[in-house]
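Trainee: Below is a structure I'd like to ask you about.
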Amino acid sequence: RAKDAGRNTYRFFDEQMNVEAMDQLLIRSGLRRALERGEFELHYEPQISLATGKIVGAEALIRWRHPEQGLVHPAKFIHIAEESGLIVPIGEWVLKEACRQGVEWAEQGLEGLTIAVNLSVMQFRRGDLEKTVIQALDESGMDPRLLELELTESVLIQDVENVLGSMHELKALDVKLSIDDFGTGYSSLSYLKRLDVDKLKIDKSFVCDLVRDADDRAIVNAIIQIARSLNLTTLAEGVEDVKIYAALKEMGCDECQGFYFSRPGNAKNFKAYYLDRQDNPLKMM
Ligand code: C2E
Ligand code: MG
Ligand code: MG
Ligand code: MG
């Protein structure tokens with residue numbers, strides 16, 4: 001009987017897995033087509049200076065405009081793109097599109113805006129990342145100092161020497177480097193000494209409950225102090241209300257982003273928000 005039950009359970013999971021495998025297959029073949037047909041778009045999330053209340057940057061976040069399913073978020077497809085290696089050409093498209101948009105905005109008077117792009121570990125391992133970045137900069141005419149590349153701590157623990165080499169070459173191009181989701185990885189603090197990064201992006205899991213949770217506050221404070229003594233900029237992600245904003249300002253955090261300011265929107269929406277906000281920077285009580 002246990003055996004029967006086991007077999008049933010097995011069959012159940014088996015079918016379940018088939019459904020998931022099918023999904024993954026559909027997404028994988030869909031991704032290839034999406035790239036060819038230009039179904040990806042970038043949405044932008046504003047990054048705000050806590051000192052001035054002004055927008056200083058935009059993080060580019062990929063979306064898939066699926067012909068039947070509508071707007072698909074990266075959580076649904078980035079890991080599949082990574083497993084299949086498609087993240088390399090997709091990531092190349094992201095870099096080029098973000099730079100193109102950055103230059104267009106600069107020409108339209110949105111000056112000094114940093115454009116932040118997320119990188120996947122696969123791009124370090126498989127792609128010719130430095131060459132791609134040089135191409136993206138050259139083709140667009142983007143000021144390298146306004147391009148920021150975000151990597152997660154998981155990039156840093158895999159293949160350290162190789163990644164360190166790549167980061168060194170990237171820094172030589174004059175682009176900025178930041179560590180995304182800082183505090184959630186397993187890597188040691190010692191790499192901060194070896195890496196030439198400019199910014200720590202404090203993970204939103206420590207930020208969203210900041211006002212209520214004293215432990216989160218202690219962690220965020222510690223990160224800000226470490227960053228300050230290492231001469232790194234801090235950016236807090238996941239700012240969802242004005243109380244968090246006020247607390248971060250008080251703690252001496254440099255920049256922040258989150259739904260409190262704006263949900264990520266397409267380029268047109270971002271520009272409208274920017275123009276509106278630059279004339280009315282956030283006033284603190
Ligand atoms: P991330 O780089 O940490 O980006 C921040 C994510 O948090 C975004 O989700 C954003 O919409 C969301 N977020 C922003 N503010 C708030 C807030 O106040 N509260 C909450 N709860 N969430 C907030 P999104 O756009 O779904 O992106 C998810 C992840 O997908 C990104 O995390 C990034 O790791 C990855 N990703 C996005 N675009 C790309 C890309 O072009 N290439 C690669 N390799 N990964 C990407
Ligand atoms: Mg990011
Ligand atoms: Mg993040
Ligand atoms: Mg995320």
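Trainee: Roughly speaking, what is the stretch gain from Lys249 to Asn231, that is 0.36 nm per residue apart minus the C-alpha to C-alpha distance, in nm to one decimal?
Mentor: Separation in residues times 0.36 nm, less the Cα-Cα distance, equals 4.7 nm.
Trainee: Here is a follow-up. Quick one: if you stick a label point 7 Å off each Cα along the C-beta vector at Gln278 and Ala214, how many nm between them?
Mentor: Between Gln278 and Ala214, the simple spin-label model gives 4.4 nm.
Trainee: Let me ask another. Considering the chain as a Gaussian network with a 10 Å cut-off on Cα pairs, which listed residue, Ala236, Ala247, Ala172, attains the greatest mean-square fluctuation?
Mentor: Result for the chain, Cα springs under 10 Å: Ala172 fluctuates most.
Trainee: How long are the semi-axes of the equivalent ellipsoid of the chain, defined as square roots of 5 times the Cα gyration tensor eigenvalues? Whole Å, largest first.
Mentor: Its equivalent ellipsoid spans semi-axes of 32, 25, 21 Å.
Trainee: Could you put Asp254, Asp23 in order of accessible surface area, largest first, with the 1.4 Å probe and the full protein assembly present?
Mentor: Asp23, Asp254
Trainee: Let me cross-check Tyr191: its accessible surface, 1.4 Å probe, with only protein heavy atoms counted, in Å² to the nearest 10?
Mentor: 30
Trainee: Can you tell me the order of 178-186, 212-220, 125-133 when each peptide is scored by its average per-residue count of other Cβ atoms within 10 angstrom, highest first?
Mentor: Ranked by mean Cβ neighbours within 10 Å, highest first: 178-186, 125-133, 212-220.
Trainee: Report the label-to-label distance for Leu71 and Arg32 in nanometres (one decimal), using points 7 Å from each Cα along the Cα→Cβ vector.
Mentor: 2.9
Trainee: So, one more: Can you give the charge dipole size of the chain about its Cα centre, rounded to the nearest 20 debye, using +1 on the beta carbon of Lys and Arg and -1 on the beta carbon of Asp and Glu?
Mentor: My answer is approximately 460 debye.
Trainee: In addition: Excluding ligands, DNA and RNA, what is the solvent-accessible area per residue of the range 140-195 at a probe of 1.4 Å, expressed in Å²?
Mentor: Computed with neighbouring chains in place, this is 47 Å² per residue.
Trainee: Related question: Each label point is 7 Å from the Cα along the Cα-to-Cβ direction; what then is the distance between the points at Val242 and Leu173, in nm?
Mentor: The modelled label-to-label distance comes out at 4.1 nm.
Trainee: Here's another thing I want to ask about it. Between Asn266 and Ile134, what is 0.36 nm times their sequence separation minus the Cα-Cα distance? Round to one decimal in nm.
Mentor: Full extension from Asn266 to Ile134 adds 45.0 nm.
Trainee: Counting only the heavy atoms of the protein chains, how much of Met251 is accessible to a 1.4 Å probe, in Å² to the nearest 10?
Mentor: Answer for Met251: close to 20 Å² accessible.
Trainee: Further question on the same structure: So which lysines pass the test for Lys249, namely a Cα distance under 21 Å, with those fewer than 8 places away in the same chain ruled out?
Mentor: Qualifying lysines at Cα under 21 Å: Lys54, Lys199, Lys201, Lys204, Lys283.
The values are calculated or read from the model by the stated rules, or taken from the named source; none is laboratory data. Computed from a predicted structure; not experimentally measured. Counting neighbours? That spans all protein chains shown, and the Cβs are built from the backbone with ideal geometry, glycine included. When the accessible area is computed, the model is the full protein with side chains, heavy atoms only, and any ligands, DNA or RNA have been set aside. Shrake-Rupley method; radii C 1.70, N 1.55, O 1.52, S 1.80 Å.
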